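Just so it is clear, none of the values below were taken in a lab; they were calculated from the coordinates. The structure presented is a predicted model; accordingly, all values stated were derived computationally and were not measured. Backbone-built Cβ (ideal geometry, glycine too); neighbour counts: all protein chains shown.
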Amino acid sequence: MNTMYYAIVFWRRNLFTLPSGAAGKIFIKESTRPINAWSMKSSIRPVALKLLNLMPALLLQKTSPKSKSKGHTKALKGLIDI
């Protein structure tokens, strides 16, 4: 986890804007899971905040430099539905 975190921190930002609609709502819902784990002192508490910081960098990456927002929403929804 730490190795991945420190590698991603130095990535060049290539993120798309969080879409509105179902995909955006699901992303927000999933983002609250590490926060709840941290506040409830669960077994993943030591890594919960790092997970929260990794999620946007991994899930909101553009699929290509010239990708469109419709493709971003489709890709995000595909990742979340898995």
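Tabulated results
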{"read-out": "Partners for residue 70 among lysines (Cα-Cα distance below 19 Å; same-chain residues under 8 apart left out)", "value": "25, 62"}
{"read-out": "Shape of the range 11-51, Cα gyration tensor, a/c cut at 1.5", "value": "oblate"}
{"read-out": "Loop-resident sites, the chain, for trypsin sites (Lys or Arg not before Pro), counting at most 10 other Cβ within 10 Å (DSSP)", "value": "12, 13, 41, 66"}
{"read-out": "Distance cut-off 14 Å, percentage of C-alpha pairs in the chain lying past it", "value": "65"}
{"read-out": "Estimated dipole of the chain in Debye, rounded to 20 [Cβ of Lys and Arg +1, of Asp and Glu -1, Cα centre]", "value": "240"}
{"read-out": "Residues of the range 44-82 with amide N under 14 Å of the 7 Å Cα→Cβ point at residue 2", "value": "46-47, 50"}
{"read-out": "Contour minus Cα-Cα distance for residue 79 and residue 52 (0.36 nm per residue)", "value": "8.1 nm"}
{"read-out": "Residues residue 33 and residue 11, FRET efficiency given R0 of 25 Å [Cβ-Cβ distance, rounded to 0.05]", "value": "0.65"}
